[in-house]
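> Questions regarding the structure given below will be posed in turn.
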Amino acid sequence: MVIMADWDRHLRAAQAAAREAGAMLRSGMEGGARISFKGAVDLVTEFDCRAQDLIVDRLAAAFPDHGFLAEEGLNRGEKNELCWVIDPLDGTTNFAHRFPIFAVSIALEHQGRVVLGVVYDPMREEIFHALEGGGAWLNGSGIRVSAVDNLDRSLLATGFPYDLRESPVNNIVHFNHFLIRAQAVRRCGSAALDLCHVACGRFDGFWELKLKPWDQAAGALIVEEAGGHVTNFEGAVFLISSRECLATNGLIHEAMIRILALGKEKPEDRGGLDG
Ligand code: IPD
Ligand code: CA
Ligand code: CA
């Protein structure tokens, strides 16, 4: 069992770095950012890198022995006892189009377990955080997952991998299934925020595949600490390296697993969407 107070200094440092990077992103969005492409649809802006440099500078100054795993090409001391897992700008496509939904995501792993998560939405000035065993918080107030227990009444969120044009494992089958079974499905463009919105009850469930550790590390802890449930698509243990993330209020988890299982069957066995 982790003693929460152990991580107070780490939490304050992560929150300060997230706020500082978020403020830079907020002012940078309006100015227009230089964009380059990593793949056909996967882009990166100068602000992804600037935000990452800022966060890593601040955290490395405070914790010189810690490792860092961050999206824009930083993997230094990933096997250290303590390692920061950082997405400096989750929602890059939105940011590049000035669609104001994006976030900074920072998690701390201790001996391979995520013990701290911070997600900052600079446009709404909402900062989410959780410490393992210490509950989940939004701007200092405790948060809980929703009480919706029926998929039919659920608002769900998802996202799509950048290789969706090339790979058949692209979430479109699952999306089609949920679209006709849930109350509605949203695709907002920031997995870290999607998870936080499950944690505070705005969404009832979220699924996505092929996320990276930095997309999901902080948000998954925040969901769990808000009383939610996070697993792979079959209900098995979730790790931040997992290729499948299913995060719900717990009440609709089994129903979502059943729908996800339909999408794993071969189309010829499925015989349509009902099942
Ligand atoms: C992306 C966002 C998006 C999700 C993608 C992620 P990025 O992260 O979280 O919502 O659907 O799978 O890669 O590239 O904006 O940091
Ligand atoms: Ca991301
Ligand atoms: Ca990113």
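> If we sort 67-78, 17-28 on the protection proxy, mean other Cβ atoms within 10 Å, highest first, what's the order? Provide the component values of the computation, followed by the final result.
Working: 67-78: 16.6, 17-28: 19.9.
Taking the mean over residues of other Cβ atoms within 10 Å, the ranking is 17-28, 67-78.
> Additional query: When the Cα atoms of the chain are enclosed in a convex hull and the volume is divided per residue, what value in Å³ results?
Enclosed volume per residue, from the Cα hull, is 121 Å³.
> So for the stretch 100-201, Kirkwood radius off the Cα pairs, Stokes-Einstein at 25 °C and 0.890 mPa s: how many µm² s⁻¹?
160 µm²/s
> Then there's this: Could you give the dipole magnitude of the stretch 151-268 about its Cα centre, charging the beta-carbon of Lys and Arg +1 and that of Asp and Glu -1, in debye to the nearest 20?
With only Lys, Arg, Asp and Glu charged at Cβ, the dipole is about 240 debye.
> Related question: Before anything else, pin down the relative contact order of the stretch 40-180: Cα pairs under 8 Å, at least 6 apart, normalised by residue count, whole percent.
Relative CO of the stretch 40-180 lands at 13 percent.
> Tell me what the chain gives for mean residue ellipticity at 222 nm when only DSSP H runs of n ≥ 4 count, each as -39,500 (n - 2.57), the sum divided by the residue total, rounded to 500 deg cm²/dmol.
Helix contribution divided over all residues of the chain: -10500 deg cm²/dmol.
> While we're looking at this one, here's another question. Considering the chain as a Gaussian network with a 10 Å cut-off on Cα pairs, which listed residue, Gly228, Gly112, Gly205, attains the greatest mean-square fluctuation?
Evaluated over the chain, the most mobile residue of the options is Gly112.
> Measure nothing fancy, just the Cα-based angle from helix 213-225's long axis to the longest principal axis of the chain, in degrees from 0 to 90, nearest 10.
Once rounded, the angle reads 80 degrees.
> A follow-up question, please. Per residue of the stretch 179-196, in order, report the coupling 6.51 cos²θ - 1.76 cosθ + 1.60 (Karplus, θ = phi - 60°) as ³J(HN,Hα) in whole Hz, putting x for Gly and Pro.
4, 9, 10, 8, 5, 6, 10, 10, 10, 8, x, 9, 4, 4, 6, 3, 5, 5
> Going 7 Å from the Cα of Arg113 in the Cα-to-Cβ direction, what parts of the stretch 230-257 have a backbone nitrogen less than 20 Å from that spot?
In the stretch 230-257, the label zone of Arg113 (backbone N under 20 Å from the point 7 Å along Cα→Cβ) covers 230-232, 236-242.
> Would you mind telling me which residue in Ala192, Ala62, Ala157 has the biggest mean-square fluctuation in a Gaussian network model of the chain, where springs connect alpha carbons within a distance under 10 angstrom?
Ala62
> So, one more: Heavy-atom accessible area per residue, the stretch 4-142, 1.4 Å probe: how many Å²?
Per residue, the stretch 4-142 has an accessible area of 43 Å².
> Please give the net charge around Leu221, taking every other residue with its beta carbon less than 11 angstrom from that of Leu221, where Lys and Arg add +1 and Asp and Glu add -1. Walk me through the numbers before you get to the answer.
On the way: positive: Arg113; negative: Glu109, Glu132, Glu224, Glu225.
Local net charge: -3.
> Considering Cα pairs under 8 angstrom that are at least six residues apart, work out the relative contact order of the stretch 145-275 and quote it in whole percent.
28 percent
> Turning to a different aspect of this structure: With a sphere of radius 14 Å drawn around the Cβ of Ala147, what net charge do the other residues whose Cβ falls strictly inside it have (Lys, Arg +1; Asp, Glu -1)?
Counting the neighbours of Ala147, the net charge comes to +1.
> Give the residue from Gly263, Ser27, Gly77 lying farthest towards the positive end of the charge dipole for the chain; charges sit on Cβ (+1 for Lys and Arg, -1 for Asp and Glu) and the dipole is referred to the Cα centre.
Ser27
> If you don't mind, there's one more thing I want to ask. Can you run phi through the Karplus equation (6.51, -1.76, 1.60; θ = phi - 60°) for the stretch 127-137 and list ³J(HN,Hα) in whole Hz, with x for Gly and Pro?
Coupling constants for the stretch 127-137: 10, 9, 8, 8, 10, 4, x, x, x, 10, 9 Hz.
> Counting pairs on different chains as well as pairs 8 or more places apart, how many Lys pairs in the chain have Cα atoms under 17 Å apart?
Lysine pair count for the chain: 4.
> Follow-up. Provide the per-residue ³J(HN,Hα) series for the stretch 85-97, in order, calculated from phi with Karplus coefficients 6.51, -1.76, 1.60 and θ = phi - 60°, each as a whole number of Hz, with x at glycine and proline positions.
Result, ordered by residue: 10, 10, 10, x, 8, 9, x, 4, 4, 4, 4, 5, 9 Hz.
> Where the only charges are on Cβ atoms (+1 Lys, Arg; -1 Asp, Glu), what is the dipole of the chain about its Cα centre, to the nearest 20 debye?
For the chain, the charge dipole is close to 400 debye.
> Another question, if that's okay. Relative contact order for the chain: what is it in percent, counting Cα pairs under 8 Å that are at least 6 residues apart?
16 percent.
The values are calculated or read from the model by the stated rules, or taken from the named source; none is laboratory data. For clarity, every value in this text was computed on a predicted model and none was experimentally measured. Every residue, glycine as well, gets a Cβ built from its backbone with ideal geometry; the counts of neighbours run over all protein chains shown. Just so you know, the surface numbers come from the protein's heavy atoms only, side chains and all, with ligands and any DNA or RNA stripped out. Shrake-Rupley method; radii C 1.70, N 1.55, O 1.52, S 1.80 Å.
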